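Single-structure report; data block below.
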Amino acid sequence: MSYSLADVCAAVEELWPISGAEGWDASGLVAGHPDDPVTRVLFAVDAVASVVDQALETRTDLLLVHHPLLLRGVTTVAADRYKGSVLTRLIRARCALLAAHTNADVVDEGTSGVFAERLGLVDVSPIVPNADNSTGIGRVGRLDQPTTLGHLAHSIGRILPATATGIRVAGDYDRVVEQVALCGGAGDSLLNDPAVRSADVYITSDLRHHPASEAIEQSLVGGGPALIDVSHWASEWLWLDRAAEQFAGLLPDLEISVSDVRTDPWDFVVTQ
């Protein structure tokens, strides 16, 4: 049995309402006609060439990604440019493209919620709650048993898929941690949030030199969390399996798969 793309979009709206997206976001349908039939869906974090290869090789009808391809404005979709090439190939193959980004971050079983669950956090709540006090950006909770910063970092390494850059940590290896704040994807904008400042450790991605340095220096003066920086792709890849399970519950006749293509941009590191 096949569903229409409109049916699939309705399921996306039920799971990850577009009303939850940030104003700057570009979630939603990028390519495809609502009447097109859909029998196969592939979940991935990024719509890059290698993922498109996989989608076309498996005769996928819909590529459902976390990161919007057209988040930043473009003036051309010519096929000799990266984004134009992706769209051209998908459209020619009649494979639709849809993004669920910040609207999939804020929900209970979204990117940060799944990460918190995999870490075993309890008493979990958003760092930045929405008006309903149950959805929102990031998560804060506590470990069932206190541990050390080093052991927590190793636990994260066992949860996340391996990447070239691994896991970076700022803080004493033997520091005892219990209260954990985290944000899947880039979360340096939350470094000064009271819920983050009061945590023992903050886990996120894409921490830049100055925000990270200032947060650590401030912690020496007025207290603050240790920092764990993980791969952006890896932190959000955890969500894909849960998203696919939820999707299958609404549209049981779909053939649904999760991409195993690593789209973290880094290939290797050189130690000194």
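The values are calculated or read from the model by the stated rules, or taken from the named source; none is laboratory data. Small disclaimer: the values here were computed from a predicted structure and weren't measured. Cβ sites come from the backbone with ideal geometry, for glycine too, and all protein chains shown count toward neighbours.
Residue by residue through the range 225-258, note down the ones that are among the hydrophobic types (A, V, I, L, M, F, W, C) and free of Cβ contacts under 8 Å to residues at least 12 places away in the same chain.
Ala248
Kindly indicate the residue of the range 120-140 that is surrounded by 20 or more Cβ atoms within 10 Å (Cβ to Cβ) and either farther than 16 Å from Leu182 by Cα or not β-branched (Val, Ile, Thr) (or both) and also nearest to the chain's Cα centre (by Cα) among those meeting that condition.
So the residue we want is Gly138.
Please pick out the residue among Ala181, Ala170, Ala186, Ala153 that is more than 23 Å from Asp105 (Cα to Cα) and either among the polar types (S, T, N, Q) or in contact (Cβ under 8 Å) with a residue 24 or more places away in the chain (or both).
Working: Ala181 fails: more than 23 Å from Asp105 (Cα to Cα); Ala186 fails: more than 23 Å from Asp105 (Cα to Cα); Ala153 fails: more than 23 Å from Asp105 (Cα to Cα).
Testing whether each residue is more than 23 Å from Asp105 (Cα to Cα) and either among the polar types (S, T, N, Q) or in contact (Cβ under 8 Å) with a residue 24 or more places away in the chain (or both) leaves just Ala170.
Would you check if Asn103 is modelled with pLDDT under 95 and over 26 Å from Ile216 (Cβ atoms)?
Numbers: modelled with pLDDT under 95: no; over 26 Å from Ile216 (Cβ atoms): yes.
So Asn103 does not fit the description; no.
What pairs come out if I take residues in the range 190-215 that are under 21 Å from Val176 (Cα atoms) and crowded, with 20+ Cβ neighbours inside 10 Å and pair them with residues that are of a type in the set (Ser, Thr, Tyr) and modelled with pLDDT of 95 or more whose C-beta lies under 6 Å away, six or more apart or interchain?
Listed by first residue and then by second, the contacts come to Val196/Tyr202.
Quick check: anything in the range 263-271 touching a helix residue (DSSP H, G or I) at 6+ places or on another chain (Cβ under 8 Å), crowded, with 17+ Cβ neighbours inside 10 Å and within 30 Å of Val177 (Cα to Cα)?
Checked the range 263-271: at least one residue is touching a helix residue (DSSP H, G or I) at 6+ places or on another chain (Cβ under 8 Å), crowded, with 17+ Cβ neighbours inside 10 Å and within 30 Å of Val177 (Cα to Cα).
For the range 113-147, give me each residue that is part of a loop (DSSP other than H, G, I, E, B) and either at negative phi or at pLDDT below 95 (or both).
Residues of the range 113-147 that are part of a loop (DSSP other than H, G, I, E, B), as a first pass: 120, 126-127, 130-135, 138.
Scanning the range 113-147 gives Pro126, Ile127, Asn130, Ala131, Asp132, Asn133, Ser134, Thr135.
Can you tell me which residues in the range 148-204 are β-branched (Val, Ile, Thr) and in a helix (DSSP H, G or I)? Spell out how you get there, then give the answer.
Taking the range 148-204 and keeping what is β-branched (Val, Ile, Thr), we get 148, 156, 159, 163, 165, 167, 169, 176-177, 180, 196, 201, 203-204.
Ile156, Ile159, Val196, listed by residue number.
Pairs please, first residue from the range 102-127 and among the acidic types (Asp, Glu), second anywhere and outside any loop (DSSP other than H, G, I, E, B), Cβ atoms under 6 Å, 6+ apart in sequence or on different chains.
Cβ pairs passing all conditions: Asp105/Thr111; Glu109/Arg242; Asp123/Gly141; Asp123/Arg142.
Residues being in contact with a Ser or Thr (Cβ under 6 Å, 6 or more places away or on another chain) and on the phi > 0 side of the Ramachandran plot: count how many of those fall in the range 169-210.
Within the range 169-210, residues that are in contact with a Ser or Thr (Cβ under 6 Å, 6 or more places away or on another chain) and on the phi > 0 side of the Ramachandran plot number 1.
I'd like to check something: does the range 216-224 contain any residue that is acidic (Asp, Glu) and either closer than 24 Å to Thr271 by Cβ or in contact (Cβ under 8 Å) with a residue 24 or more places away in the chain (or both)? Quick ask: steps written out before the conclusion?
Applying the first criterion (acidic (Asp, Glu)) to the range 216-224 yields 217.
Retained after the next criterion (residues that are either closer than 24 Å to Thr271 by Cβ or in contact (Cβ under 8 Å) with a residue 24 or more places away in the chain (or both)): none.
Taking every residue of the range 216-224 in turn, none turns out to be acidic (Asp, Glu) and either closer than 24 Å to Thr271 by Cβ or in contact (Cβ under 8 Å) with a residue 24 or more places away in the chain (or both).
From the residues in the range 235-262 that are among the aliphatic types (A, V, I, L, M), in contact with a helix residue (DSSP H, G or I) (Cβ under 8 Å, 6 or more places away or on another chain) and in a helix (DSSP H, G or I), which one is farthest from Ser112 (Cα to Cα)?
Looking only at the range 235-262, we keep the residues that are among the aliphatic types (A, V, I, L, M), and these are 238, 240, 243-244, 248, 250-251, 254, 256, 258, 261.
Checking the rest, the ones that are also in contact with a helix residue (DSSP H, G or I) (Cβ under 8 Å, 6 or more places away or on another chain) come to 238, 243, 250-251, 254, 256, 258, 261.
Those left that are additionally in a helix (DSSP H, G or I): 238, 243, 250.
Working: Leu238: 9, Ala243: 12, Leu250: 22 Å.
Ranking the candidates gives Leu250 first.
Of all residues in the range 217-234, how many are in a helix (DSSP H, G or I) and over 25 Å from the mean Cα position of the chain (by Cα)? Working first, answer last.
Going residue by residue through the range 217-234, those that are in a helix (DSSP H, G or I) are 217-222, 232-234.
Filter once more, keeping what is over 25 Å from the mean Cα position of the chain (by Cα): 217-222.
Within the range 217-234, residues that are in a helix (DSSP H, G or I) and over 25 Å from the mean Cα position of the chain (by Cα) number 6.
Hey, could you check the range 10-19 for residues that are surrounded by fewer than 20 Cβ atoms within 10 Å (Cβ to Cβ) and either of a type outside the set (S, T, N, Q) or part of a loop (DSSP other than H, G, I, E, B) (or both) and say which is farthest from the chain's Cα centre (by Cα)? Can you show your working first?
Taking the range 10-19 first, the residues surrounded by fewer than 20 Cβ atoms within 10 Å (Cβ to Cβ) are 10-11, 13-15, 17-19.
With the extra rule that they be either of a type outside the set (S, T, N, Q) or part of a loop (DSSP other than H, G, I, E, B) (or both), the set shrinks to 10-11, 13-15, 17-18.
On the way: Ala10: 21, Ala11: 19, Glu13: 18, Glu14: 19, Leu15: 15, Pro17: 16, Ile18: 16 Å.
Ranking the qualifying residues of the range 10-19, first place goes to Ala10.
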